[in-house]
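Written below as structure tokens is the structure these notes are about.
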Amino acid sequence: MSHQSSLFDSYSIRRVRPAKNKIGTSAKHDSAISHVLGTATYVDDILKPQGTFHLAVGKSKHAHARVLSMDLDAVKAADGVVDVLSFKDLPAKTDIGAVFDGEPLMVDEITEYVGQTLFAVVATSHRAAKQAVLKAVVEYEALPAVLSIEEALEQEYFVRPTHTMQRGDAETALENAPVRIKGHIHMLGQEHFYLEGQVAYVMPCDDGGLEVYTSSQHPSEVQQLVAEVVDLPFHAVNTVVRRMGGGFGGKETQAAAWACLCGIVAKRHNVPVSMRLDRQDDMVVTGKRHEFANRYEVGVNASGQVLGVDIQLAGLCGYAPDLSDAIVDRAMFHCDNGYYYPDAHVAGHRCKTHTVSNTAFRGFGGPQGLLTAEYMMDDIAYTLGKDPLQVRLANLYQNGQSTHYGQPIEHFDLATIINTLAEDCDYESRRQQIIAANQQAEAEGSDKRLGIALTPVKFGISFTVQTLNQGGALVHIYTDGSIHLNHGGTEMGQGLYIKIAQIVANEFDVDLDTVKVSATRTDKVPNTSPTAASSGTDINGKAAQNACITIKTRIIEFAAAHFDVAQEDIRFERNHVYIGDKEEFTFAEMVLLAYQHRISLSSTGYYKTPKIFYDRSKAWGRPFFYFALGASCSEVEIDTLTGEYKVLRCDILHDVGQSINPAIDIGQIEGGFMQGMGWLTTEELTWDKTGKLASNAAANYKIPTAHDLPKQWSVNLFDRKNEEQTIYNSKAVGEPPLMLAASVWCAINNAVASLGDYKKNPELTMPATPEAVLKAVMRMQGAPWEIATSVNVEAIDSLLNNNSNNSNDGIDDDKVKPQQVPHARDINPPEVEGQQVDDQPDAVENPNVSTARGPAHSE
């Protein structure tokens, strides 16, 4: 008999109960305990052998300049420095652009953003490498820099050509519309702010290959790029990703550069090489969510129904294409949100600026398109004096219609979701109470105003690049009945591993703890797609299911022949296999029997998403397999005197189809909502006039905290299975919830609109920081934002001169650096009565560390 681990329940127990933690149950995250204990191993936790080299990079100080010279002699002579590499030392391919060329690993001659890599320092420690970098002397010739969307549009300066989508005759529809409304909305980008920064560790192998440990959402891309920069075939590089401490899109393409640098040095010196970016460096040198400046003109009838739209979306892409083509495309796909545009013209511009190349971020352009639609709905409602929710409902898609890019609308339950949520959260009566409360506040001279908004989400699920919609998996069953699973998806805290494990357990009807998921590796599942586009469970779950079906079919065919029964009489139930009414085997016994009769217990699985196609030359097709839907209702209170606000209540109803793991799904909804709320309220990216990132640390870039959570918060799942044949009829849940936060922004907008009796759409920007809210309030009240006061020109000039000799330097708005303040003279305080020594001096000399626990390096 095969070995039975004491970690599992005995089969006598398993026989009389259902299998534990299959699909539909709220199994805990597979690393939940190690996360809480701090024992989960991340890349920088891996024990590294003595002699490991460490890297740091020298960064450009100019947004756009010609590098005239680099004196690196002092860098090479610094303590601990082993080697210094510049562009001329790169051994093979020098460009690591993910889709299009234009992203050199190091600067050759022209630098195109502040923070671009000029050289790399190889040292015996991270600190030594960082200190040596500072000793470089670089001379530049400054070149004109384009730093804003407006400048790029004016100069037609793009990283990729403009793309348009069109249906019908928008121009004629606008001319004939009873009401025409024009508007614009500017939304800033967003820093990923993952807990684990960018990191890589590369070990040379004895066969000349490389083993790459990386915090990347796209192991196959890292494998390929590392191979190309060191001139190796792909099979000689193996990439391993066990987990990431957050990704959010920031590790889809931009994790590759650091692995490539480590790979070059590991190959050059034949030693292990490690590199990690400190938080401030990470924020400066990696891309963010795209900033957008969007304009629209919409024609509507008297009831607020859209007759035609002309929308221009302009994304700030940075210096290189990266994924911007697909990101702006997705913004164009989602500029309708859930609303039908009979005639539409949509243009998307990919603006080039001399800033870091922006990249994927949860939603991938979708939020920037969706928020444009929501702002436009508010504009229509306030212009016509209607309830914004009624305008939204009047414009919702109906089954049988199609989007402005040709996708048919099917199984569209958004009206049901909205009406259910509105009834459950008592939207209409609360809205009337809020209107009355705001009228009373105005009568009493109160500074407080309330706002409420209910907004929908329609988000397309699939990569818009058709090739990427495929997944692979590898399943082994061992003779003790335990199952090993590997697949192409990566775990970044979102719960993908546990969901795929639940799928495998469900296929064999065995306990979840029977299944182990191992680190994602390119030598187990090749040519993987990135874990992105909310498709991780859809494609990898289906691939794992297909592998299980293959093995299960083999066992059934064997058992049917061996026991002379019909195949349909063989059942996998409750950790057992039943052979009709003849025999009953534990799962392990049946697996062992199959092995003894030379039945293969291992299989790959593969899946490709059906139905999807898109002809970009015609801007027409079905780019998405299905739409994820949801709605949220938020209530806020603002202070019209300071612009401060708080979220009083939020109710969410979100469609995840038939949930594989409700707890994981609700966690994703809550996390996505808060991340979206951060983007729309507190997280303000700022650059100075030279192109240098000013919000470059947690001290000056504010992500939401527990204090910002809605005071009353309800999250419910819409209980209806996906009509498309996804894995167990579930729906993706990674990105769509982020856009539920639109209700918070629209509620703030609603509160500001109350100052004009809901007759005018406020000029509120994104993010709606207290300053932005105050500015919108003052404009609504007709007060000038700019305060007329005397300005100390000499003081400001002195600050600018002290800051830099470059006359192009400057400071934005009124953010002036503080001057030195003379402090009082230090005096010796009088002695204070009482004990002045530590109560436990022994604890300081000999601290008790017996309960401390290091990382689980064997994991």
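Could you pull out the residue among Ala394, Ala360, Ala331 that is in contact (Cβ under 8 Å) with a residue 12 or more places away in the chain and touching a strand residue (DSSP E or B) at 6+ places or on another chain (Cβ under 6 Å)? Before you say what the answer is, go through the steps one by one.
Values: Ala394 fails: touching a strand residue (DSSP E or B) at 6+ places or on another chain (Cβ under 6 Å); Ala360 fails: touching a strand residue (DSSP E or B) at 6+ places or on another chain (Cβ under 6 Å).
When all the criteria are applied, what remains is Ala331.
Those helices (runs of 4 or more DSSP H) of segment 244-342 in which at least 3 residues are crowded, with 24+ Cβ neighbours inside 10 Å, considering only elements entirely within it, cover 256-269, 324-333. In summary, Leu601 fulfils each of the numbered conditions (1) without any contact (Cβ under 8 Å) to a residue 40 or more places away in the chain; (2) crowded, with 17+ Cβ neighbours inside 10 Å; (3) closer than 30 Å to Ser529 by Cβ with the single exception of condition (1). Taking the conditions exactly as written (crowded, with 23+ Cβ neighbours inside 10 Å and either in contact with a Leu (Cβ under 6 Å, 6 or more places away or on another chain) or touching a residue at least 40 places away in the same chain (Cβ under 8 Å) (or both)), does Pro367 satisfy them or not? Taking the combined requirement at face value, the residue satisfies it.
Scanning segment 711-726 for any residue that is assigned to a helix (DSSP H, G or I) and touching a residue at least 60 places away in the same chain (Cβ under 8 Å) turns up nothing. If you go through segment 206-232 and keep only what is free of Cβ contacts under 8 Å to residues at least 24 places away in the same chain and assigned to a loop (DSSP other than H, G, I, E, B), you end up with just Asp206. Any idea which of (1) without any contact (Cβ under 8 Å) to a residue 24 or more places away in the chain; (2) surrounded by 24 or more Cβ atoms within 10 Å (Cβ to Cβ) is the one Tyr497 doesn't satisfy? For Tyr497, the exception is condition (1).
Scanning segment 43-80 for residues that are out of contact with any Ser or Thr (no Cβ under 8 Å at 6 or more places or on another chain) and among the hydrophobic types (A, V, I, L, M, F, W, C) gives Ile46, Leu47, Ala56, Leu68, Ala74, Val75, Ala77, Ala78.
Tell me yes or no: at least one residue of segment 676-698 is of a type in the set (Asp, Glu), touching an Asp or Glu at 6+ places or on another chain (Cβ under 7 Å), surrounded by fewer than 20 Cβ atoms within 10 Å (Cβ to Cβ) and assigned to a loop (DSSP other than H, G, I, E, B).
Applying the first criterion (of a type in the set (Asp, Glu)) to segment 676-698 yields 683-684, 688.
If we keep only those that are touching an Asp or Glu at 6+ places or on another chain (Cβ under 7 Å) as well, we get 683, 688.
The next check asks that each one be surrounded by fewer than 20 Cβ atoms within 10 Å (Cβ to Cβ); those that pass are 688.
Within this subset, residues satisfying the condition of being assigned to a loop (DSSP other than H, G, I, E, B) are 688.
Yes, segment 676-698 contains at least one residue that is of a type in the set (Asp, Glu), touching an Asp or Glu at 6+ places or on another chain (Cβ under 7 Å), surrounded by fewer than 20 Cβ atoms within 10 Å (Cβ to Cβ) and assigned to a loop (DSSP other than H, G, I, E, B).
Residues that are of a type outside the set (S, T, N, Q) and out of contact with any strand residue (DSSP E or B) (no Cβ under 8 Å at 6 or more places or on another chain) within segment 691-722 comprise Gly691, Lys692, Ala697, Ala698, Ala699, Tyr701, Lys702, Ile703, Pro704, Ala706, His707, Asp719, listed in sequence order.
Mind checking whether some residue in segment 97-105 is loosely packed, with under 14 Cβ neighbours inside 10 Å and at pLDDT 95 or above?
So the first thing to find is which residues in segment 97-105 are loosely packed, with under 14 Cβ neighbours inside 10 Å, and the list is 101.
Narrowing the set further to residues that are at pLDDT 95 or above leaves 101.
Yes, segment 97-105 contains at least one residue that is loosely packed, with under 14 Cβ neighbours inside 10 Å and at pLDDT 95 or above.
Checked against the criterion of being among the hydrophobic types (A, V, I, L, M, F, W, C), buried (at least 19 other Cβ atoms within 10 Å of the Cβ) and in contact with a His (Cβ under 8 Å, 6 or more places away or on another chain), segment 720-736 contains one or more residues that satisfy it.
For segment 468-512, residues that are of a type outside the set (Asp, Glu) and assigned to a helix (DSSP H, G or I) total 14.
Kindly indicate whether Ala559 is in contact (Cβ under 8 Å) with a residue 24 or more places away in the chain, in contact with a strand residue (DSSP E or B) (Cβ under 6 Å, 6 or more places away or on another chain) and not in a strand (DSSP E or B). Steps first, answer last, please.
On the way: in contact (Cβ under 8 Å) with a residue 24 or more places away in the chain: yes; in contact with a strand residue (DSSP E or B) (Cβ under 6 Å, 6 or more places away or on another chain): yes; not in a strand (DSSP E or B): yes.
Taking the combined requirement at face value, the residue satisfies it.
The values are calculated or read from the model by the stated rules, or taken from the named source; none is laboratory data. Here the structure is a predicted model, which means the values were calculated and not measured. No Cβ is skipped: glycine too gets one built from the backbone with ideal geometry, and neighbour counts run over all protein chains shown.
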